[in-house]
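Note sheet for the following structure.
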Amino acid sequence: MYSPPLHFADTETWRRTFLLSFQSLGVVFGHLSIGPLYVLHTASSSDMTLDTLFGILSFIIWTMTLIPLVKYVFIVLKADDNGEGGTFALYSLLCRHAKVGLLPNNCDADDALLAYEMGRFYKNNSDTKHKWTIEKSKQSRYLMLMVALLGSCMVIGNGVLVPAISVLSASLNLDDSLASISFKSAEHREAQFEKYAPVPTACFILVALFVLQHFGTHKIGFLFAPIIIVWLLFLCGISAYNVFHWNYRVLYAISPTYLFKYLRNIDIRSWRSLGGVVLSIAGSDAMFADLGHFSKRSIKIAFSFLVYPSLVLCYMGQTAFMSKNWDPSRKVLPSHLVASMPGGTKHIFTLLSVLASVVGSQATITATFSIINQLQALNCFPRVKVVHTSERIHGQIYIPDVNWILMALCLAFTIAVKDVANMGNATGLAVVIGMLITTCFMSLIIGLYWGKVFEATLFLVFFGFVEAVYLLACILNFQKSAWVFLFFILFVLIIMLAWHYGTVKKYEFDVNNKVSIEWLTNLGPGLGVVRLPGIGFVYSDIMTGIPAFFSHFVVNLPAYHQVLVFVSFKPVPVPSVPPSKQYIIGRMGSKEFKVYRCIVRYGYCDSIRDVNIFEDHIFRAIGEFVSLEDRDPVPPNLLEDRLIVTGNLDQEGTAFITVTDTTSIDNNSDQVDEESPKTGSEHSQILPSTTRRRKVRFLLPPDSPQMRPSVREELLELVEAREHGMTYILGQSHIFPHQRSNFLRKLAIKLYIFLGHNCRDPLMVLNIPHAAFVEVGMPYYL
């Protein structure tokens, strides 16, 4: 049966809520929880006074209150996209409720189909002047796509920065602890461990972390929550001791008085210190990005009652110790943090910090996998292999190619930068830019989707101002290794834009060069064109007409199959499309030509179906279409415009009955796997090379008075054609930049060509039997 994505209703029980809250601590809040390892070290300076230290603490407390608690917990979490969150979830909401989309197959010609696609997802709001203005401005649409891609780049950038800075911070703790055990000479420890050991130790931990990724969060996720809980409770106990033992006056920093005093005496050095303060909220966006794995209530409870108070108390404890023991000569992190550990708790702290760093890194890596999967589904990222590590939760995925690239980049960044403070500058820049993008999109959601323009303006001005202050602080630290991060972001953004541009131009070429069904049907036996027995599946990116590569094929080889099915995959800006709404079937031309169109729709959290899984579903959907069409006939001139959404294909329909024979076949067979009829390609990724599958045969039901003889005859011809076998016809595009294009367009097309040659083939090519696969070359001048 179809297993829908994990969403949660309002009737969620409290027992379920507390269980999800427990699990979310290890997945959602790992990054936030490791902030004490590097926040105060990055924000502090050598000439810091007591008032400056208290001012930084006040900034940390109020920043954590306003951004994670007020903005994300109480406002942003309400803007979920059917249970999914993140930058692209907000962008998809805008694409649906205001016509701002530029993605392929999201064009005005598809408006009627897109409205039908939304089904229960679509919510029709009254048009406003502001919405109309944005919809009519093409520059605004391009800007929104650019901002959405930039926000995605921030997530990918965090996938490199966070593992590097968190693991290096923990390795400094580990090396200091090992040195204190192994050596008695302080000078020897300084020379041998603090200088040489941290980076190799961090690299070893990073390699181990990325090697473990192929097991998936489903298997190791339950280990994360207890680690974070123990880590937070341990910090709470130590921090409470430090507050009352060293300086209880840090409790006064809750008052915004110290914050305004800090601003009154601010200078360039103080502005730069705020770039370290922003690290205290790094990971807040995970509450929204990982919303599809949990429920809103569980995330709110976990943050409000454990994570938020624990971190505030921890920063108070660190500040209390530093106020009495500040030593600007301590350059290596985390000298003050380790020194604040009383008695024999330093080694316990070291172990917990290493484990917590791995957990925080895991959450960021998982978020990177998720955003790349969403980008790939909407044709904004080159094709990569996606392995689903969970059979039910769609968001739990593993991308091998991206995993190894992230590992190489993390190692290179750790070895090149080495200093945690400089890493913090780059991480802070990524955090604040990502939050500003969320603020911009959220204000548009409030104004255009919720219809509250005044509240949207207040939201944008207030939170935009707060985050702009931190953005300025991060810009002032630009020369301190943050430029490395910007170059990386620019490189990823160029790849996304080039791939998107090439995909759009290729789609426009297909639309402009398509031919009508009349052109095909007029090629009769009198012109030497013959019909071959069997079914031909023609895969195309366009939703209407005959693709140019197929007309090129027929002109050079005048023959095509007895039954033709033009299959198109259409991305829909929703998280997931259920099977009952996934297939749209239509007829092209008159009935005697047996030419059909099948549109397979998928959301940005769905997996495109593998050919071995949905082949029989398409055949069953066509049979159901023939039966439904007979009950509601239309004029012949409207046949090609007639599209019908078939019902639930996991149940027996009225057109065919199925008979299964269990046989042993391999993945290269053209038989169909019906062993696990669930959506997505995750099962095909998990199956070994040889497995037990069931060969499905279709039979017509016994004579029924409701089925007309003409319908029965057409269904019988379909069954006979299927028995003769199926052929899969795909176009192979040979792309060349147009001679009249300018330099930038030629460069984008050449980069698109390079990426196309070096990324994975389209998913439909992967498991098609070689004997039944026909590839048609077609030149494209873009």
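What to note about this one:
- Less than 5 angstrom separates the built amide H of residue 781 from those of 736, all sequence-distant by 5 or more or on a different chain.
- With the cut-off at under 18 Å, measuring from each backbone N in segment 353-370 to a point 7 Å along the Cα-to-Cβ line of residue 211 picks out 355, 358-359, 362.
- Compactness of segment 210-310 as Cα Rg over 2.2 N^0.38 Å, two decimals: 1.43
- The distance between label points at residue 146 and residue 50 comes to 5.1 nm (points 7 Å beyond Cα on the Cα→Cβ vector).
- When only alpha carbons are used to place a centre, segment 534-588 and segment 54-69 end up 55 Å from one another.
- Vicinal HN-Hα couplings computed from phi for segment 708-717 (Karplus, 6.51 cos²θ - 1.76 cosθ + 1.60; Hz; Gly/Pro x): 6, x, 5, 5, 5, 5, 5, 5, 5, 5
- When 620, 601 are compared by accessible area at a 1.4 angstrom probe, the order from most to least is 620, 601.
- The value for segment 405-480 of Rg(Cα) / (2.2 N^0.38 Å) is 1.46.
- Quarter the surface of the alpha carbon convex hull of segment 238-370 and you get the mean projected area, 10.3 square nanometres.
- 13 Å tail of the calculated P(r), segment 436-492, as % of Cα pairs: 67
- Net length gained if the chain between residue 740 and residue 255 were fully extended (0.36 nm per residue, minus Cα distance): 168.2 nm
- Phi-based couplings in Hz for segment 364-375 (Karplus 6.51, -1.76, 1.60; Gly and Pro marked x): 6, 5, 4, 5, 5, 4, 5, 5, 5, 5, 5, 4
- Exposure ranking of 347, 770 by accessible area [1.4 Å probe, largest first]: 770, 347
- In the context of the full protein assembly, residue 19 retains an accessible surface of approximately 70 Å², using a probe radius of 1.4 Å and ignoring ligands and nucleic acids.
- For segment 358-471, the spread of Cα coordinates along the three principal axes comes to 46, 40, 26 Å, biggest extent given first.
- Of the listed residues 153, 440, the order by accessible area with a 1.4 Å probe, largest first, is 440, 153.
- Couplings 3J(HN,Hα) for segment 556-568, derived from phi with the Karplus relation 6.51 cos²θ - 1.76 cosθ + 1.60 (θ = phi - 60°), are 8, 9, x, 6, 8, 6, 4, 10, 10, 10, 8, 9, 10 Hz, where x marks Gly and Pro.
- Beyond 20 Å in Cα-Cα separation lie the following of the pairs 78/452; 505/750; 138/750; 71/452; 385/514; 138/452: 138/750; 385/514; 138/452.
- All distinct Cα pairs of segment 433-534 go into the 1/r average, and the inverse of that average, the Kirkwood radius, is 19.2 Å.
- A Förster radius of 45 Å combined with the Cβ-Cβ distance from residue 265 to residue 494 puts the calculated FRET efficiency at roughly 0.60.
- Each listed q (0.15, 0.21, 0.22 Å⁻¹) maps to a log10 I(q)/I(0) for segment 197-257, found by the Debye formula over equal Cα scatterers with no solvent: -0.76, -0.90, -0.93.
- Segment 35-74 shape via C-alpha gyration tensor axes, a/c threshold 1.5: oblate
The values are calculated or read from the model by the stated rules, or taken from the named source; none is laboratory data. Keep in mind that this is a model prediction, so the values were computed, not measured. Counting neighbours? That spans all protein chains shown, and the Cβs are built from the backbone with ideal geometry, glycine included. Note: areas computed on protein heavy atoms with side chains; ligands, DNA, RNA excluded. Shrake-Rupley method; radii C 1.70, N 1.55, O 1.52, S 1.80 Å.
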